[in-house]
1. Could you compute the FRET efficiency for D83 and S203, with r as their C-beta to C-beta distance and R0 at 41 Å, rounded to 0.05?
2. On a full-extension model of 0.36 nm per residue, what is the gain between S46 and L60, subtracting their alpha-carbon distance, rounded to one decimal in nm?
3. In segment 1-65, which trypsin sites (Lys or Arg not before Pro) are in a loop and have at most 13 other Cβ atoms within 10 Å, using DSSP for the loop call?
4. What accessible area per residue, rounded to a whole number of Å², is obtained for the chain using a probe radius of 1.4 Å?
5. Determine the dipole magnitude for segment 61-133: charges of +1 sit on the beta-carbon of Lys and Arg, -1 on that of Asp and Glu, nothing else is charged, the reference point is the Cα centre, and the result goes in debye to the nearest 20.
6. I want to verify a result. In a Gaussian network model of the chain, Cα cutoff 10 Å, which of these has the top mean-square fluctuation: G307, G220, G140?
7. Say we join alpha carbon atoms closer than 10 Å with springs in a Gaussian network model of the chain; which of K248, K279, K259 then has the biggest fluctuation?
8. Percent relative contact order of the chain, based on C-alpha pairs within less than 8 angstrom and at least six residues apart?
Amino acid sequence: MSALSLGIDTSNYTTSVALVDENENMIYNKGILLEVKSGERGLRQSDALFQHVHHLPILLQELPRGREIEIICYSERPRPLSDSYMPVFRSGESLACSLAGVLGIERLAVSHQENHIRAAIYGSGSPDLEAIFCAVHFSGGTSEILLVEKKTIGYKCDIIATTRDLNAGQLVDRVGVLMGCDFPAGKALEVLANQVNPASFNSNVFISSTMKDLDFHFSGQENQARRLLETGVEPPVVAYLVLKAIAKTLSKAIGGLAKKYPFQSVLFSGGVMSNQIIKKIVINELQATGLKLYFSPGEYSRDNAAGNALMGMDYYKHTRYSQ
């Protein structure tokens, strides 16, 4: 019977658990969004950690029974850097270490960012990416463009462009909450934006991109969105313009980076990159570059534990079959 790898991820937005077998069949992949009070724009780390402690037993109770787990892989930090730390990941780490100790099985600590990259590779159906590629990680907690080098297990990630202030997901959430949407506001903003016809826009109504070399700013776009709403521009139009501004900013950065760094492929991950409007604009903006663009379905782009489960299985197969 095929071995199983259990993945656990406890981010600022979602409690996630996944289970995968040796053939990379995703047997289980579920998450529970953290609850944020109406009108609020996020959670304190202590509140998020408390919710993870409550959610994890619920998700584990739903795991399929009757097959043995051989390894547990969990996110212990935001990025694959020695000084990267966030308290919210301690809940998943504690459970993973406890389970591995009781079951007498191996455990593997990785980063939330590597989890996103591995899940996006799986979801995009692009397992044969070059040894070095570009990865976009746009979410509520991160807005970075990375030069990624594959390791035997996991990834070496060098930041080659980043936000200078707000993350893209923060921009989406802040504008969404400003318009009365619940947090997180990504889905609601996309629903609003889909109500309008972009071709009918007044060309004098726009939200501009703000760049510093190949880095970018999103706080200015929040201010522009606020001013448009205050002058009476309809929320669906503002929602579309915010998403368009994110896509245009990202496309400009990638286009510039492609001239400086040796990559031919770009992998997109993070909750913001599950937005179909942003995806469509990015594809259109970058079509002349010749770059290969890889997007994932929402379940593998948003916060999830699938990447951890897959990396755990990568590690299990490597150690088992290389002996």
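1. 0.35
2. On the way: separation 14, 0.36 × 14 = 5.04 nm, distance 2.18 nm.
Between S46 and L60, full extension yields 2.9 nm more.
3. For trypsin sites (Lys or Arg not before Pro) across segment 1-65 that sit outside H, G, I, E and B with at most 13 neighbouring Cβ atoms in 10 Å, the list reads K37, R44, R65.
4. 45 Å²
5. Dipole magnitude for segment 61-133 comes out near 220 debye.
6. G220
7. Ranking K248, K279, K259 by mean-square fluctuation puts K259 first.
8. Values: 674 pairs, mean separation 78.8, N = 323.
Relative contact order here is 24 percent.
The values are calculated or read from the model by the stated rules, or taken from the named source; none is laboratory data. As the structure is a prediction and not an experimental result, all values here were calculated from the model. Backbone-built Cβ (ideal geometry, glycine too); neighbour counts: all protein chains shown. Accessible surface areas use protein heavy atoms only, side chains included; no ligands, DNA or RNA. Shrake-Rupley method; radii C 1.70, N 1.55, O 1.52, S 1.80 Å.
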